[in-house]
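Worksheet for the structure shown next.
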């Protein structure tokens, strides 16, 4: 069986940490494009695309690396973010707390309407000081707001399904919560399938429907990679 490294690190993540712009056409379809730039000890993190549960691992890796590399500040350019849910917000707040423990700052260099509204609604906007005025962002139309509400509702629906699927993997293979999550992430990335879609397949299988052969193969490979990192395909 082919060995997989868990959690799998995507090409987009490697390029982002290295500070090289990511070509959206080469990235995993559901991952945002992220790149970093160091200027006078400040690490600028620019993100384009959607920030949701599917991009958690990539965003966490880039933020942790940026806080570690910066001399005094990480500046976030989220002007290209089209959707941002609470999973991404939690990572931003965690990065801010980590920076503060080391005498550093995480501030907002630029923000999109989607990010700005989420931070305002959760009273976290003031925590990212040094931001530019948002008058233009606040002038976004009603259609944009309706789309964002629909996306937030989608995120709220998919999270419980993913949590249930994690529980199924824990019970089936005697995995820890962390290892079960790693199996889901590896399977998602190696099949180019969103996490919630894999989770839905697992829930369906509980009721007697067989898993697709490809999904079974990748799940088994991910579990095998955790239990025996030296395993190779036969």
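Quick one: count up the residues across the range 103-133 that are within 20 Å of residue 50 (Cβ to Cβ) and either modelled with pLDDT under 80 or touching a strand residue (DSSP E or B) at 6+ places or on another chain (Cβ under 7 Å) (or both).
9
Given the criterion more than 15 Å from residue 111 (Cβ to Cβ) and at pLDDT 90 or above, identify the matching residue among 86, 48, 70.
Numbers: 86 fails: at pLDDT 90 or above; 48 fails: more than 15 Å from residue 111 (Cβ to Cβ).
The unique qualifying residue is 70.
Is it the case that the range 125-133 has a residue that's touching a residue at least 12 places away in the same chain (Cβ under 8 Å), over 22 Å from residue 160 (Cα atoms) and part of a strand (DSSP E or B)?
no
Quick one: which of 63, 91, 119, 59 is touching a helix residue (DSSP H, G or I) at 6+ places or on another chain (Cβ under 6 Å), farther than 26 Å from residue 178 by Cα and assigned to a helix (DSSP H, G or I)?
The match here is 119.
Going by the conditions given, is residue 96 over 19 Å from residue 54 (Cβ atoms), at pLDDT 90 or above and either touching a helix residue (DSSP H, G or I) at 6+ places or on another chain (Cβ under 8 Å) or assigned to a helix (DSSP H, G or I) (or both)?
yes
Can you pull out every residue in the range 201-220 that is surrounded by fewer than 21 Cβ atoms within 10 Å (Cβ to Cβ) and in a helix (DSSP H, G or I)?
Selection gives 201, 203, 204, 205, 206, 213, 214, 215, 216, 217, 220.
The values are calculated or read from the model by the stated rules, or taken from the named source; none is laboratory data. None of these values were measured; they are calculated from a predicted model. When we count neighbours, we look across all protein chains shown, and the Cβ atoms used for this are built from the backbone with ideal geometry, even at glycine.
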